[in-house]
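Worksheet: the structure to be examined is printed underneath.
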2 protein chains.
Amino acid sequence: MARDQRSTEAGRSGGGVTLAEVAAAAGVGESTVSRVLRRHGSYSGRTRDRVIEAVERLGYVPNRIAGTLASTASRLVAMVIPSVTNIVFTDVLNGIGGPLEERGYQAVFAVTDYDPRREESLVAAMLAWRPAAVILAGLEHTEATRRMLGAQACRVVELLDTDGPAIDLAIGISNRAAGRAGAGYLLGRGYRRIGYLGHDPFRDRRAGKRLEGFRAALAEAGRPPAAEMVLEGASSVARGREGLARLLAGAPGLDAVYFSNDDMAVGGWFHCLEAGIAVPGRLALFGHNGLDIGAALPQPLATLRTPRDAMGREAARLVLEDAPAQVLDLGFELIPGATA
Amino acid sequence: MARDQRSTEAGRSGGGVTLAEVAAAAGVGESTVSRVLRRHGSYSGRTRDRVIEAVERLGYVPNRIAGTLASTASRLVAMVIPSVTNIVFTDVLNGIGGPLEERGYQAVFAVTDYDPRREESLVAAMLAWRPAAVILAGLEHTEATRRMLGAQACRVVELLDTDGPAIDLAIGISNRAAGRAGAGYLLGRGYRRIGYLGHDPFRDRRAGKRLEGFRAALAEAGRPPAAEMVLEGASSVARGREGLARLLAGAPGLDAVYFSNDDMAVGGWFHCLEAGIAVPGRLALFGHNGLDIGAALPQPLATLRTPRDAMGREAARLVLEDAPAQVLDLGFELIPGATA
DNA sequence: TTGAAAGCGCTAACAT
DNA sequence: ATGTTAGCGCTTTCAA
């Protein structure tokens, strides 16, 4: 492949056969080629064959940039997510991608790193592509982000959370209810000295809301958290492991720990294994999300399964169907596991 | 937010203020607005202020579709990857995303599900957006994919593998060398009855190449694999766990197992834990990739760390610098861990 | 069934 | 320093 023929300045006309050239080669008008290619309007079988032949002979690749501009109807969907390495978001992407691709939509994405200001500038950049929909995580955004999105004629989907007002469509679960459910389960199993170990609840507002629900449920039962520890930065197995060691050092009498998510909880399980702490006999562990790794543990993790794939599919469906604005709570499922 | 104002048919002029309107509002020409917005060419400070004021007052969002068409220079980068839920790919995406965004590029992506035919049709769809670069995984593609990519004036980056001819740029490691290194390490540690447990080596050609290297190295040492098992479908912790149980049932005398990757190896470690198999005393385990989860195990996993983040960064750098066609082998690092 | 022509909203000469 | 104008490659009336 001759390097010299390539260039970052891609897409210059040199690099592409145009529809006009195809029309000329096939001996028909441009609009006829356009109709044939989009299978829209009417044309004779003979005309179609000549167009197809010319398209293949010339290796024509339609220019969607031009097509989108001309039709003023974009088939781009913008996804602005906190992280690509967190499986929670990629599960959702996965569910969203299939239906969208089938209908000829393309996904454009950008990563905010859990930073609302970054989200704001990325949303602005995305809107410049005139997407049919913008998909975000959570309901917390800067005022400017909400204003931009509100002013635009595109659909807006906020994922993973239903605790609060939505801009347009919201699909997810109630994280406060999830936190309450976890606390309720542990109380129901007889645990009384329950602690919390989590990652940054301000950057990850959904984790923060679970913590609120967890605290509220325990308080109402007259058993407020016996210890709480919040680690800076993102969640990870390693942090869960080290974190639990530190939490227990300060509060050795805990009989159960509610983690901000499964990654942290798996790390906690590793710590118990290493430190010889019997689970759930001496310490019960409870996670959140229902990841595969938790289920694959020799002792399946007690957790709450969130329907991430379904969130993605429903998001795609509502956008494609042009459904009315709504908040859709998909609920969660409690997985008793063997660690609590 | 009134639902009725939204529509999937987004981006129709109703939804957007145009540059012409900004120009009129500011009392200047269109090209002046364009210059100010792109900080290109010359204009007075006073003019700039009036333009900025009009932009903000009208809530103008530039239309990049139109801008790209007019300048015939796209700032879109297409990523066509096998999976979004496999952390190996998202680590690379992560490394690539930052530098690209900084320079005003946007990432468009699509998921092939390890299917070359799907990759072919997705590449075709991507080329319609006239991307500045197309990023793929691996060196194995259909003939049609290679032809399309070769005919286009955009850069092509093939990631994660350097064992074979590249279309334009290739950045990764030699997977055959990785397989050899794993085998060599196990032999060097004195293991003699070495088995293999992996996921589909035909869909995941990189895993297949590691298996080839592994086999070759053992054969050359006069110690061919004592047992091999290949599972259908994608790799996962659960498959590694069940797979190892079955592999050992058929070959109880193994003293080491080389896994297709860390997910599988972690699953194997779980099996050993549950079955009371001493690691590495009775059975040594070796993975591939150097994932965090392996390092967080109570016994750190013996593995090979692949520079996934660097692959992404280098890919972005070479594309942005418009570097000559080349194959860049970033090498790997052996992590002895504690399981082998 | 088909073609001609007028844009879509911007950029990039080219004038001034 | 700024405005005018001709496209970019396609879709979409509107006639024929």
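FYI, it's all coordinate maths here, none of it is from the lab. Small disclaimer: the values here were computed from a predicted structure and weren't measured. Methodologically, a virtual Cβ is constructed for each residue, glycine included, from the backbone with ideal geometry; neighbour enumeration extends over all protein chains shown.
Taking the Cα centre as origin and putting +1 on Lys and Arg beta-carbons and -1 on Asp and Glu beta-carbons, what dipole magnitude results for chain A, to the nearest 20 debye?
On the way: 39 positive and 38 negative charges, 64 e Å.
Once rounded to the nearest 20, the dipole reads 300 debye.
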> Rounded to the nearest 20 Debye, what is the dipole magnitude of the protein assembly as shown about its Cα centre when Lys and Arg each give +1 and Asp and Glu each give -1 at the C-beta?
Replying inline: 380 debye
> So for the protein assembly as shown, taking the charge dipole from beta-carbon charges (+1 Lys/Arg, -1 Asp/Glu), which of A:Ala296, A:Leu248, A:Gly97 sits furthest toward the positive end?
Replying inline: A:Gly97
>> What distance in nm separates the two pseudo spin-label positions at B:Asp329 and B:Ala124, each 7 Å out from Cα along the beta-carbon direction?
In response: 3.6 nm
> Tilt of helix B:175-188 relative to the longest C-alpha principal axis of chain B, in degrees (0 to 90, nearest 10)?
Replying inline: 30 degrees
> What Kirkwood hydrodynamic radius do you get for the range A:246-305 when you take the inverse of the mean 1/r over all pairs of distinct Cα atoms, in Å?
Replying inline: 11.4 Å
> What is chain B's relative contact order, in percent, from Cα pairs under 8 angstrom and six or more apart in sequence?
Replying inline: 15 percent
> By what distance, in whole Å, do the Cα atoms of the range A:175-305 stretch along each of the three principal axes, largest value first?
Replying inline: 34, 30, 27
> On a 0 to 90 degree scale, rounded to 10, what angle separates helix B:237-250 from the longest Cα axis of chain B?
Replying inline: 20 degrees
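Loop-only check: which trypsin sites (Lys or Arg not before Pro) in the range A:30-80 are DSSP coil with at most 10 other Cβ within 10 angstrom?
Values: sites: A:Arg35, A:Arg38, A:Arg39, A:Arg46, A:Arg48, A:Arg50, A:Arg57, A:Arg64, A:Arg75; in loops: A:Arg39, A:Arg75.
Sites meeting the loop and neighbour criteria: A:Arg39.
Would you work out the charge dipole size for the range B:90-168 about its Cα centre, treating the Cβ of every Lys and Arg as +1 and the Cβ of every Asp and Glu as -1, and quote it to the nearest 20 debye? Don't skip to the end; give the middle numbers.
Numbers: 7 positive and 13 negative charges, 86 e Å.
In total the dipole reaches around 420 debye.
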> Put a point 7 Å out from Cα along the line to Cβ at B:Ala144; what are the distances to that point in the other copies, in nm, shortest first?
Replying inline: 4.6
> Hey, what angle do you get for helix B:116-127 against the long axis of chain B, alpha-carbon based, 0 to 90 degrees rounded to 10?
Replying inline: 20 degrees
> Which value in nm describes the separation of the simple spin-label points at A:Ser31 and A:Asp322, placed 7 Å from the Cα toward the beta carbon?
Replying inline: 2.4 nm
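What's the whole-number percent of alpha carbon pairs in chain B lying beyond 32 angstrom?
Numbers: 25814 of 57630 pairs.
Of all Cα-Cα pairs in chain B, 45 percent lie more than 32 Å apart.
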> What's the exposure ranking of B:Trp269, A:Trp129, going from fewest to most Cβ atoms within 10 Å?
Replying inline: A:Trp129, B:Trp269
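Treat the protein assembly as shown as a sphere of radius equal to its Kirkwood radius over Cα pairs and apply Stokes-Einstein at 10 °C in a medium of 1.306 mPa s; give the translational diffusion coefficient in µm²/s, rounded to a whole number.
Values: Rh = 27.2 Å.
For these conditions, the coefficient is 58 µm²/s.
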